[in-house]
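First comes the structure, then the notes that go with it.
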Amino acid sequence: MFARKKSDIYLIKKFLSKKDVSAFGELYDRYTDRVYAKCLRFFQDENRAKDATQDIFIKILYELHSIKETEYFSSWLYTVTYRYCIDEYRKEKKNFFKDSDIPLKVYYEEDENVFNNFYSEILEKGLEKLNIEERTIIMMKYIDEMNIRTISEILGIGESAVKMRLKRTREKLINICNILINKEY
C-alpha cells in the first residue's frame, strides 16, 4: 500500500555492489535541491550554483565508495558541498559574492537568543554586509546548525579558531544590525 523510503545506506550499497544507476539516481533526487540551495546561498548566482551542484554530484559518484556505513550520507554530502564551494572560492580568488538582487534567505528563530532582537529583514541586510568568510561561518553555525567540530573539519582550521571567528563575526553582525535598526527608526 505505502512504499517505504529506502535508506541512504541501502541505496549506496545497491549502487556500489550492483552498479545500479537508479539507486544513485534516488540519492540524487533526494538531495539535489538541498545541495543546490547551499550552492546558491554560497555563490549567489543561479548558473554557478547549478554547475557546482552537478560537479558535486559527479565528485560524490566517484567518492561514494569511501563512505563508511556508520556515517550519515547527508552529513558527508554537505561536508563535500561546503568544501567544494570553499575550494572554488580559494582557487579562483574571485569574489563570487557580489551584491546581487537575490537576498539571502534567513529564517528568524524565536529560540535563538544570539539574534533575538533583530527582525529577519534586518538580519538579512546585516548578513549581506559581511564578507564571504564571515557569512559562511554564520550560515554553517546558525542556518545549517553545524557544531564547532564539523565547521572546523570543513574549513580546515582549529576549533578554537572557529570559536573566535564566530565570536567576532557575531559581534560584527550585531553591531551592523544595531546600526541598521537605528537608521530605520
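The values are calculated or read from the model by the stated rules, or taken from the named source; none is laboratory data. Since the model is a prediction, treat every value here as computed from it, not as a measurement. A quick note on method: Cβ atoms are made from the backbone with ideal geometry, for glycine too, and the neighbour counts reach across all protein chains shown. When the accessible area is computed, the model is the full protein with side chains, heavy atoms only, and any ligands, DNA or RNA have been set aside. Shrake-Rupley method; radii C 1.70, N 1.55, O 1.52, S 1.80 Å.
Those residues that are without any contact (Cβ under 8 Å) to a residue 40 or more places away in the chain and either buried (at least 16 other Cβ atoms within 10 Å of the Cβ) or touching a strand residue (DSSP E or B) at 6+ places or on another chain (Cβ under 7 Å) (or both), I need them from segment 1-23; list them, please.
Residues satisfying the conditions are Leu11, Lys14, Ala23.
I'm checking my understanding of the structure. Among residues of segment 104-161 that are part of a helix (DSSP H, G or I) and either touching a His at 6+ places or on another chain (Cβ under 9 Å) or acidic (Asp, Glu) (or both), which one is modelled with the highest pLDDT?
Glu159
When segment 24-33 is examined, which residues are found to be under 19 Å from Ser75 (Cβ atoms), free of Cβ contacts under 8 Å to residues at least 40 places away in the same chain and either touching an Asp or Glu at 6+ places or on another chain (Cβ under 9 Å) or of a type outside the set (Ser, Thr, Tyr) (or both)?
Across segment 24-33, the qualifying residues are Glu26, Asp29, Arg30, Asp33.
With the structure loaded, tell me whether Asp87 is of a type outside the set (A, V, I, L, M, F, W, C), at pLDDT 90 or above and assigned to a helix (DSSP H, G or I) or whether it fails that test.
no
Could you check, for segment 140-159, whether at least one of its residues is farther than 19 Å from Ser74 by Cα, open to solvent by 10 Å² or more (accessible area, probe 1.4 Å) and in contact (Cβ under 8 Å) with a residue 24 or more places away in the chain?
no
Being modelled with pLDDT under 85, within 27 Å of Arg90 (Cβ to Cβ), surrounded by fewer than 15 Cβ atoms within 10 Å (Cβ to Cβ) and within 16 Å of the chain's Cα centre (by Cα): is that true of Ser66 here?
No; evaluated as a whole, the condition is false for this residue.
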